[in-house]
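Following: one structure in structure tokens, then a few remarks.
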Amino acid sequence: MNLSIDHLLGLKGVPKEDLNAIFDTAFSFREVLDRPIKKVPTLKGITVVNLFFENSTRTRMSFELAEKRLSADVMNFSASSSSLSKGESLRDTIQNLFAMKMDVVVMRHPTPGSVKLLSQFVDAVVINAGDGTHEHPTQAILDMMSLKEKFGTLEDLNVAIIGDIRHSRVALSNIYGLKTMGANVMLCGPPTFIPYGIESLGVKITYNVDEALEFADAINVLRIQKERQGKGLLPSLREYRNVYGITRERLAKFQKNITIMHPGPINRGVEIDTDVADGSNSIILHQVLNGVASRMAILFLLAGGKR
């Protein structure tokens, strides 16, 4: 099973056939993760380097576990302890690393477009683990895999993304992926959190969370990304919770079971309450498990033939 892409830089333009191939492969790897011995020799002899220039817990651990489950040789790169701190350029640092014959690079970087630049000067598979406020394709893939597992199909599924859309790379990748797979997408948040012109991507916009919940079969709740935004976009976290927070009382107004998702980290009591995040309609922990399986699938499909 081959993909039409050589790298996974984002989901914009990635065809439906590629996404379905990733989902099918990921569900196969889910079975591996349920075995007593959760390791296969699929990427034995392949060297993967994880280049993380931003803090990360879930994504970094998920990638590292996926790589080790596939028997790859794994190197972790820390920007703070590298030659970058001595003034060496990013390009020189990375080209020196790849002179050591790395096969795959997984990179998270605060600058949008950094992974695309990287792919132009290294002879290796490049996987985007988040580039600034641009895209986070593997998170969207695990989100879609979790929805496919829950509903059986993404075609005509109504998905509302609620929260800080403007500063979220998760939102943009989900929009591209969900629209490609035939889902209907609505964005909801304060006007200051909705990017100008984003409706051109074929999504609906609302500033009323009850309207989003009325629309949705599933909601993907995003945290407020305080580290990426300026002042003045939000009066207070308390006001945000009162107007946009996903609470049991708010959900009880609708006579349906809405599936709850969150990419993490969760700000409990702000964008979502604990009893909702941990409730029976939540698939948040399924997202975490599917993150390992889907990243195994991506690594296998992009690097499996690289010997």
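The values are calculated or read from the model by the stated rules, or taken from the named source; none is laboratory data. These numbers were taken from a predicted model, which means no experiment stands behind them. Cβ placement follows ideal geometry from the backbone for every residue including glycine, while neighbour counts extend to all protein chains displayed.
A compact table of results
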{"quantity": "Arg69 being at pLDDT below 95, of a type outside the set (A, V, I, L, M, F, W, C) and within 24 Å of Leu289 (Cα to Cα)", "calculated": "no"}
{"quantity": "Set Gly245, Gly182: member being modelled with pLDDT of 95 or more and closer than 23 Å to Val14 by Cβ", "calculated": "Gly182"}
{"quantity": "Members of the stretch 207-221 that are touching a helix residue (DSSP H, G or I) at 6+ places or on another chain (Cβ under 8 Å), crowded, with 18+ Cβ neighbours inside 10 Å and not in a loop (DSSP other than H, G, I, E, B)", "calculated": "Val209, Leu213, Ala218, Ile219, Asn220"}
